[in-house]
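The values are calculated or read from the model by the stated rules, or taken from the named source; none is laboratory data. Keep in mind that what you see is a predicted model, and the values were worked out from it rather than measured. Positions of Cβ are generated from backbone atoms using ideal geometry, with glycine treated the same way; all protein chains shown enter the neighbour counts.
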Amino acid sequence: MFKIIEPTPQQWDQFVNKQPRAHFLQQAAWGSLKSAFGWQAQRVALTDSDSNQIVAGAQILLQKLPANVGTLAYLPMGPYVTADNQWSTLWGAIHKRAQQHKAAFIKLEPGIYHGPNQTPPDFTQWGFNPSPQTVQPPRTILIDIRQPGDQIQARMNQGTRRKIRQSQKNDIRYYEGTRDDLNAFNTMMQATGQRNDFGVHEPAYFERMYDLFVPQDDAVLIMAEHEGDPLAGIIVFAKGNTAWYLAGASSETKRNLMATYGVQWYAIQWAKARGCKYYDLWGVPDEDADILEAQFQERSDGLWGVYGFKRGWGGEVVRSAGTWDRVYNSILYNGYKAALWLRG
């Protein structure tokens, strides 16, 4: 009934673009980005024997485990099927490909199932178990941007609305950055990481990201400057009905002008113009909404430091379908977990 193939990047992206849960982490360009920084990308797809069209598939990322004893296989924001009878064949093909590359296990993060007819399957039926070791933040804030701008702002808290208004004053210029603006963005990113005590990617990472996504109109670099001073910059992706705020940086200069609010509001308008329905703020602490609200003023560790900013945008706290592991080699898998435990 199905034929297993290794699709070309073009074939794969054409299929991804049609999926209701299309995600930039499943684009071939994301595989190319990660391949330039220590990973290897593999794509597996099923074609219908009658039409020869791709009907299911996944992009898998592979990374060597320490001491080169095996490989971690990672499947973010997928896989995709167009009918339930494709699952078993697809998982068989995925597991075979992963094990061909000496994977000790495969880590699955299927992402968000949101809206009507968006119910995640039971991954235990295919041998997966829930995992506490995550790659992407499992919880986020999703802003519905289908309404006019004034209605979107009406759902925000008063402080965020006020800061957006302030960010529109004082002749701040907001614009879609070119590759030349990456120098300023990377300088602000390094300063932001030091200020907030988190690690950041090297400049070459964002340069490669820009080259792979922005010219193809799948992402945008939004910058803010005032009288020649770079104030803030963010990188936002868009695919299907969703835009994602992935990376943001700001300067210590003129922080009172609230440019960090202005670039987000510009990004929401950019996403609306593309036809997106949702704007994903990408990552808050993995706690229920009542705990988030009760503790955000007291905590600044991890993603708590950004929750105070993100909560004001009037979005909905949404949790993904979680993180799941399917083990191929229990000895290597247990060693991987022990190494993570020892690290902290």
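Would you confirm, using the coordinates I've provided, whether Thr140 is under 14 Å from Gly322 (Cα atoms), in contact with a Phe, Trp or Tyr (Cβ under 7 Å, 6 or more places away or on another chain) and β-branched (Val, Ile, Thr)?
For Thr140, the condition - under 14 Å from Gly322 (Cα atoms), in contact with a Phe, Trp or Tyr (Cβ under 7 Å, 6 or more places away or on another chain) and β-branched (Val, Ile, Thr) - is met.
Determine if region 24-43 includes at least one residue that is at pLDDT below 95 and not small (Gly, Ala, Ser).
Checked region 24-43: no residue is at pLDDT below 95 and not small (Gly, Ala, Ser).
Return the residues of region 289-316 that are under 20 Å from the mean Cα position of the chain (by Cα) and either acidic (Asp, Glu) or outside the structural domain of Val200 (by TED's automatic domain parsing) (or both); say none if nothing qualifies.
Correct list: Glu316 only.
In the set Ala321, Ala271, Ala294, Ala267, which member is under 30 Å from Trp91 (Cβ atoms), not basic (Lys, Arg) and not in a strand (DSSP E or B)?
Answer to the check: Ala321.
Among the residues of region 120-131, are any at pLDDT 95 or above, under 30 Å from Lys337 (Cβ atoms), among the β-branched types (Val, Ile, Thr) and touching a Lys or Arg at 6+ places or on another chain (Cβ under 6 Å)?
no
Looking at region 102-120, which of its residues are among the small types (Gly, Ala, Ser) and either in contact with a His (Cβ under 9 Å, 6 or more places away or on another chain) or in contact (Cβ under 8 Å) with a residue 12 or more places away in the chain (or both)?
Those that are among the small types (Gly, Ala, Ser) and either in contact with a His (Cβ under 9 Å, 6 or more places away or on another chain) or in contact (Cβ under 8 Å) with a residue 12 or more places away in the chain (or both): Ala103, Ala104, Gly111.
Exactly one of (1) surrounded by 15 or more Cβ atoms within 10 Å (Cβ to Cβ); (2) at pLDDT 85 or above is unmet by Gln297. Its number?
(1)
If the Cβ limit is 8 Å and pairs must be 6+ apart or interchain, which residue in region 143-160 that is under 12 Å from Gly315 (Cβ atoms) pairs with which residue that is among the acidic types (Asp, Glu) and in a loop (DSSP other than H, G, I, E, B)?
Pairs that qualify, where the first residue is under 12 Å from Gly315 (Cβ atoms) and the partner is among the acidic types (Asp, Glu) and in a loop (DSSP other than H, G, I, E, B): there are none.
Quick one: would you say Tyr336 is touching a strand residue (DSSP E or B) at 6+ places or on another chain (Cβ under 8 Å) and assigned to a helix (DSSP H, G or I)?
Spelling it out, Tyr336 is indeed touching a strand residue (DSSP E or B) at 6+ places or on another chain (Cβ under 8 Å) and assigned to a helix (DSSP H, G or I).
Can you pull out the strands (runs of 3 or more DSSP E) entirely within region 27-119 that have at least 3 residues that are of a type in the set (Phe, Trp, Tyr)?
It comes to none.
State all residues of region 249-273 that are within 19 Å of the chain's Cα centre (by Cα) and modelled with pLDDT under 95; if no residue qualifies, say none.
Result: Ala249, single match.
Of all residues in region 250-275, which are of a type in the set (Gly, Ala, Ser) and either free of Cβ contacts under 8 Å to residues at least 60 places away in the same chain or over 15 Å from Ile143 (Cβ atoms) (or both)?
Within region 250-275, Ser250, Ser251, Ala259, Gly262, Ala267, Ala273, Gly275 meet the criteria.
Which residue pairs have Cβ atoms under 7 Å apart, sit 6 or more places apart or on different chains, and have a first residue in region 49-74 that is in the same structural domain as Tyr328 (by TED's automatic domain parsing) and a second that is at pLDDT below 90 and in a helix (DSSP H, G or I)?
Hits for this filter: Leu65/Tyr336; Pro66/Ala339.
Among the residues of region 229-248, is there at least one that is assigned by TED's automatic domain parsing to the domain that holds Gly149 and closer than 14 Å to Gln168 by Cβ? First the steps, then the outcome.
Within region 229-248, the subset assigned by TED's automatic domain parsing to the domain that holds Gly149 is 229-248.
From what's left, closer than 14 Å to Gln168 by Cβ: 231-232.
Yes: region 229-248 contains one or more residues that are assigned by TED's automatic domain parsing to the domain that holds Gly149 and closer than 14 Å to Gln168 by Cβ.
Could you say which residue among Asp48, Asp84, Asp13 is touching a strand residue (DSSP E or B) at 6+ places or on another chain (Cβ under 9 Å) and of a type in the set (Asp, Glu)?
The unique qualifying residue is Asp48.
Sort out which residues of region 161-216 are at pLDDT 95 or above, aliphatic (A, V, I, L, M) and not in a helix (DSSP H, G or I), and write them in order of number.
Once the filter is applied, which keeps residues that are at pLDDT 95 or above, aliphatic (A, V, I, L, M) and not in a helix (DSSP H, G or I), region 161-216 yields Ile172, Val214.
Being modelled with pLDDT of 90 or more and either among the aromatic types (Phe, Trp, Tyr) or in a helix (DSSP H, G or I) (or both) is the filter; apply it to region 274-291 and report the residue that is surrounded by the fewest Cβ atoms within 10 Å (Cβ to Cβ).
The residue in question is Asp290.
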